[in-house]
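Single-structure report; data block below.
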Amino acid sequence: MGTSLSTVLWQLTYRAVVRSAFATVPFYREHWALDGRTDPVLVPGRTGRHGGAVDAATVLARRADLVPLAGGEAVVDPLRGLGAVLRRVEPLRTGTLVAVFGADSAPVDLPRGVRGWAVRPDDDVDAVLAQARGPVVAVGPDKQLQLLPDRPHLRRVPLRELDELDRGPHGLLVHPVLGVLAGLADCGRWHVDRTALYLRETDAGLAGTVLRQRSPRLVDTLLGDERVRLSACPRHRGPVLTPGLAR
């Protein structure tokens, strides 16, 4: 990833989140202590199994212990960060309606003047689309998007999983714990929103940390696919995810 100022700041933000989690979140104090990691600093030989990272199944099983001592939510949102990543890869002008299939609530981090809609199973989608006065961006699994009627103002943005990194021509990459990981930009690369998510290498693949979420705290959660690599976009300079060979 190099040593640019933005990369250094990205790493410093991550370390601050690690220190805060070690001080305030029961799960990480227990997990790192059992691994022999008594100080939440990445020191060779003292980082525990997988560098202190933890698999997604364990995170989901221990959600109550991911809440800081001061309290907070224990709900893991599989579409966390959708609005922020979507607006980086898809034009969202004033008056656009973002319809999200499979979400419990509409994204709250959309640009001003852009409406969000969490589509429910019993919603009359065709009627809403027919009445829409502006552009509509539909986000969801391919199968649901393919059922939508063809309309000139409708754009489809499919949700992809890690094993679909080589699929296109566009979409959002999602993880069941960390939420939206990246969006496929016009350069053809999966760009990570570094303001909200930090990724680092471990011997079990990439681990992700949500940087701006107070609760539950998600620190060093393994992506679960060891083939995925982190690199820098030669055009935009930001971090991108790329497919690779198994380790």
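The values are calculated or read from the model by the stated rules, or taken from the named source; none is laboratory data. Remember, it's a predicted structure, so these values are computed and weren't measured experimentally. Every residue, glycine as well, gets a Cβ built from its backbone with ideal geometry; the counts of neighbours run over all protein chains shown. What goes into the accessible areas is simple: the full protein's heavy atoms, side chains included, and nothing from ligands, DNA or RNA. Shrake-Rupley method; radii C 1.70, N 1.55, O 1.52, S 1.80 Å.
Taking the residues in region 180-193 that are in contact with a strand residue (DSSP E or B) (Cβ under 6 Å, 6 or more places away or on another chain) and either basic (Lys, Arg) or more than 21 Å from Val18 (Cα to Cα) (or both) as candidates, determine which candidate is most open to solvent (accessible area, probe 1.4 Å).
Residue satisfying both the conditions and the ranking: Arg189.
Report the residue count in region 19-30 for those that are hydrophobic (A, V, I, L, M, F, W, C) and modelled with pLDDT under 90. Walk me through how you get there before you give the answer.
Kept after step one, since they are hydrophobic (A, V, I, L, M, F, W, C), are these residues of region 19-30: 21-23, 25, 27.
In the following step, the residues that additionally are modelled with pLDDT under 90 were identified as 22-23.
The qualifying residues number 2.
Out of (1) touching a Lys or Arg at 6+ places or on another chain (Cβ under 7 Å); (2) β-branched (Val, Ile, Thr); (3) closer than 30 Å to Gly244 by Cβ, what's the single condition that is false for Val137?
Result: Val137 passes all but (3).
Would you mention how many residues in region 134-148 are part of a helix (DSSP H, G or I) and open to solvent by 50 Å² or more (accessible area, probe 1.4 Å)? Give the derivation first.
As a first pass, look at region 134-148 and keep what is part of a helix (DSSP H, G or I): 142-146.
So of that shortlist, the ones also open to solvent by 50 Å² or more (accessible area, probe 1.4 Å) come out as 143-144, 146.
Selection size over region 134-148: 3.
Need the failing condition index for Pro169 against (1) open to solvent by 20 Å² or more (accessible area, probe 1.4 Å); (2) at pLDDT 90 or above, just the number.
Checking Pro169 against (1) open to solvent by 20 Å² or more (accessible area, probe 1.4 Å); (2) at pLDDT 90 or above, the one that fails is (2).
Are any residues in region 115-133 open to solvent by less than 20 Å² (accessible area, probe 1.4 Å) and either in contact (Cβ under 8 Å) with a residue 40 or more places away in the chain or of a type in the set (Val, Ile, Thr) (or both), and if so, which ones?
The answer is Val119, and nothing else.
Going through region 203-247 one residue at a time, which ones are small (Gly, Ala, Ser) and either open to solvent by 30 Å² or more (accessible area, probe 1.4 Å) or more than 27 Å from Leu66 (Cα to Cα) (or both)? Outline the logic, then answer.
Step one: of region 203-247, the residues small (Gly, Ala, Ser) are 204-205, 207-208, 215, 224, 231-232, 238, 244, 246.
Of everything in region 203-247, those that are small (Gly, Ala, Ser) and either open to solvent by 30 Å² or more (accessible area, probe 1.4 Å) or more than 27 Å from Leu66 (Cα to Cα) (or both) turn out to be Gly224, Ser231, Ala232, Gly238, Gly244, Ala246.
Residue check: is Arg151 assigned to a loop (DSSP other than H, G, I, E, B) and open to solvent by 20 Å² or more (accessible area, probe 1.4 Å)?
Taking the combined requirement at face value, the residue satisfies it.
Take the residues in region 90-108 that are open to solvent by 50 Å² or more (accessible area, probe 1.4 Å) and in contact with a strand residue (DSSP E or B) (Cβ under 9 Å, 6 or more places away or on another chain), then tell me which one is nearest to Arg151 (Cα to Cα).
Restricting to residues being open to solvent by 50 Å² or more (accessible area, probe 1.4 Å) and in contact with a strand residue (DSSP E or B) (Cβ under 9 Å, 6 or more places away or on another chain), the top hit is Pro91.
Every residue in region 137-153 that is aliphatic (A, V, I, L, M) and at pLDDT below 95, please.
Answer for region 137-153, where residues must be aliphatic (A, V, I, L, M) and at pLDDT below 95: Leu145, Leu147, Leu148.
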